Amino acid sequence: MVGGGPGGLTFARVLHRHDHPVTVLERDPAPDARPPGGTLDLHEKLGQLALEKAGLLAEFQALSRPEGQAMRILDTDGTVLRDWPARPDDQAHPEIDRGQLRDLLLGPLDVQWGRDVTEVVPETEDGVLVRFADGRQEAFDLVIGADGAWSRVRPAVSPATPHYTGITAVETSLDDVDTRHPDLARLIGDGSLAVYGVNRAIVAQRNSGGHVKAYAQFRAPLDWHTNLERHMGLIGHADLDLADVEAVRSGLPALFDGWAAPVLDLLRHGTAFVHRPLYVLPVSHTWTHVPGVTLLGDAAHLMPPLGAGANLAMLEGAELAESVAAASGPGDLDEAVRAFEEQMWARAGRWAKITTAGLERLVSPDPAEAIALFDEVQPA
Ligand SMILES: Cc1cc2nc3c(=O)[nH]c(=O)nc-3n(C[C@H](O)[C@H](O)[C@H](O)COP(=O)(O)OP(=O)(O)OC[C@H]3O[C@@H](n4cnc5c(N)ncnc54)[C@H](O)[C@@H]3O)c2cc1C
């Protein structure tokens, strides 16, 4: 297994449950080497089903936040347009911090940290060859690429590469909101807050421990920050140095001119800013089966971040692990991987269509489209 994200760790954890050997090769030098990112909502029939297969559903239920399913939409002037409170007993898609999920999945697993895979060569005399950045190489029977958007395993099966959607996000974090920014804490509530304008959105999500992640999302060319006047029509604004926290904190609100002050405070109180242009793989990405190598999760079907990616990665990890554990020999294993790929492609293709259409409506020239989308999916 290459990659110790939600998909790779779920695969390894389910195999571990079946007493089947597995090697997890992860590029990060340690579990907490990078900030883990925002909260994830795990759906009953996707991520939670995967955790059930890993024997971890009860522990998830103890850690997760059903109240995080609350959703509020504001107009750009701050008027509340929609307010869906969470029902505490609703287990449809509770939220969990990524760090908590990672630690839950890691449990007894023996991950090889600091193993940076550079290339995978299928069908050699020794099996599938995995090459590493430090010059070493090792052979395996089956190599699974769960190494995310910029997968180094993917070229062994497919020439596809991610392309830019035309929509960028800048992510920021607020700490200790209940004490330091009580007005914002009340505005956000227990779950998520979203504000939709013309080709713009600001979304804030509560994580555990008083942490909030806020995302400024907008349509822009990839190099938007190199000349705000030319690319974003902001007269008198030159370039924005994305590495300069102070410059981003004071410059980003200019993209949301006229929006209510409390909404912009989500950006003005941000402690760090991460530029996340949204990339996707082609919808319904498939490949000709290559014995000994497969992909799952973002490596196979990177799609807009609308609450499906981690869920799919985890369910695929769990399903593939069950198939691998049940296989009785090399031929049987190859058939099991083929069948897994067919099932993954069909389901991921459906979600890629849904999330691609969803992103177009959420960051849209007509903000009413975003609200209509929520009206369609939120319980009445
Ligand atoms: C802002 C945002 C919000 C999101 N919210 C949600 C949500 O609410 N619900 C949801 O389901 N999804 C959400 N997603 C999508 C979700 O984050 C991804 O789909 C999910 O993380 C994919 O899991 P994965 O295991 O396939 O890959 P990743 O999480 O990308 O994990 C890949 C792992 O592989 C490792 N790796 C990479 N390259 C190498 C290499 N060469 N050698 C060894 N290791 C390597 C990486 O370090 C990483 O640990 C969101 C995404 C974003 C950007």
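Any read-out appearing in this document is the output of simple, stated calculations on the displayed coordinates, not a laboratory observation. Note that the structure is a prediction, hence the values are computed from the model and not measured. All Cβ positions, glycine included, derive from the backbone under ideal geometry; neighbour counts span all protein chains shown.
Brief remarks follow.
- Over the stretch 208-273, the Kirkwood radius and the radius of gyration, each from Cα atoms, give a ratio Rg/Rh of 0.98.
- Residues LEU315, LEU142, ranked from the fewest to the most other C-beta atoms within 10 Å, line up as LEU142, LEU315.
- Fully extending the segment from LYS353 to THR118, taken as 0.36 nm per residue of separation minus the present Cα-Cα distance, adds 81.5 nm.
- Here the stretch 278-343 and the stretch 125-152 have alpha carbon centers that stand 16 Å from each other.
- 10 Å-binned pair-distance histogram of the chain (Cα, whole percent): 5, 23, 31, 25, 13, 4, 0
- At full extension, ASP32 and TYR164 could sit 44.7 nm farther apart than now, given 0.36 nm per residue minus the alpha carbon distance.
- The stretch 163-279: mean projected area of Cα convex hull, nm²: 7.1 nm²
- If you run the Gaussian network model on the chain, springs between alpha carbon atoms under 10 Å, then out of ARG136, ARG350, ARG249 the most flexible one is ARG136.
- The alpha-carbon positions of the stretch 226-310 define a convex hull whose volume is 170 Å³ per residue.
- Divide the volume of the convex hull around the Cα atoms of the stretch 125-182 by the residue count and you get 181 Å³ per residue.
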